[in-house]
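Remarks on the structure that follows.
The values are calculated or read from the model by the stated rules, or taken from the named source; none is laboratory data. Treat the numbers as computed from the prediction; the structure is a model and nothing was measured. Glycine gets a Cβ as well: all are built from the backbone with ideal geometry, and neighbour counts include every protein chain shown. The area values use the complete protein model at the heavy-atom level, side chains included, leaving out ligands, DNA and RNA. Shrake-Rupley method; radii C 1.70, N 1.55, O 1.52, S 1.80 Å.
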Amino acid sequence: MDIVTAHDRPSTPGQAIEIQETLCGLVDLEDRCPQEIVTVTGLDVAYDEGSGLIAAAAVTLETSGFRVVEKRSVVSRVSFPYEPGLFAFRELPPLLDALRALDHVPDLLVCDGHGLAHPRRFGLACHVGVVTGLPSIGVGKTRFVGEHDEPGGTRGSRAPLLDGGEVVGAVLRTQDDVKPVYVSVGHKISLENACRQVLRLAPSFRQPETTRHADRLARDTLKEAL
């Protein structure tokens, strides 16, 4: 995969915030992904704080049947401190390495994290989308910013996630009577389409199949490295 946009590596939280505030203006909230999304790549990382290692995984699935097209993982050392709202600067470098190793460019990226649902409207899903130029979605297990009503208990029910009166995502129930997930736009996709794709990718479990595969690969890769 040809990732042509350079990614700055800040040395301080202040520099990282400046990068986010600069790049957030590049986020595209319109549907510019293929009309028929055939392949989706899930992205996830696993940490070992004791050793300072991070494993990043990229797993591409076909949306029809969820066959694994290809998967790549890398291990590196964490190069940025733990700072809420700045996780992308820890996770993005190894994730980009895993993406570069893919032989095929996917139609969509799904991140285990947030996109617009971020204090500066530039979470990991936005960052990876802008850097790669690919459509991207953030799917978080927990709320990071904003407030919301509880969505209905049935699959497909959702409620807007609001932050400062702005809709920054959706609280989406992917399975009946199971905790919802937090869906937010990353880049080149609308919130409506993002929710539709997440439901499509989560036919049986709370998390999308892409995230489940990437999570497993990242954990296994890290375990082998220790």
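Here is how the numbers come out for the structure above:
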{"read-out": "Solvent-accessible area per residue, Å², over the chain with all protein chains present [probe radius 1.4 Å]", "value": "45"}
{"read-out": "Loop-located trypsin sites (Lys or Arg not before Pro) in region 1-97, at most 11 other Cβ atoms within 10 Å (DSSP)", "value": "ARG67"}
{"read-out": "Selection from ALA55, PHE80, VAL131 lying farthest towards where the dipole of the chain points positive, charges on Cβ", "value": "ALA55"}
{"read-out": "For the chain, built as a Gaussian network whose Cα springs stay under 10 Å, the top-fluctuating residue of GLY65, GLY152, GLY169", "value": "GLY65"}
{"read-out": "Top of VAL171, VAL198, VAL131 by mean-square fluctuation, Gaussian network on the chain, Cα under 10 Å", "value": "VAL131"}
{"read-out": "Partner lysines for LYS223 [C-alpha distance under 26 Å; skip if fewer than 8 residues away on the same chain]", "value": "LYS71, LYS141"}
{"read-out": "The chain, accessible surface, carbon-and-sulfur percent (1.4 angstrom probe)", "value": "48"}
{"read-out": "Answer label, with Kirkwood radius over Cα pairs in Å calculated from the coordinates and candidates (1) 17.3; (2) 20.1; (3) 20.8", "value": "(1)"}
{"read-out": "Cα shape, region 82-215, gyration tensor, a/c 1.5 rule", "value": "oblate"}
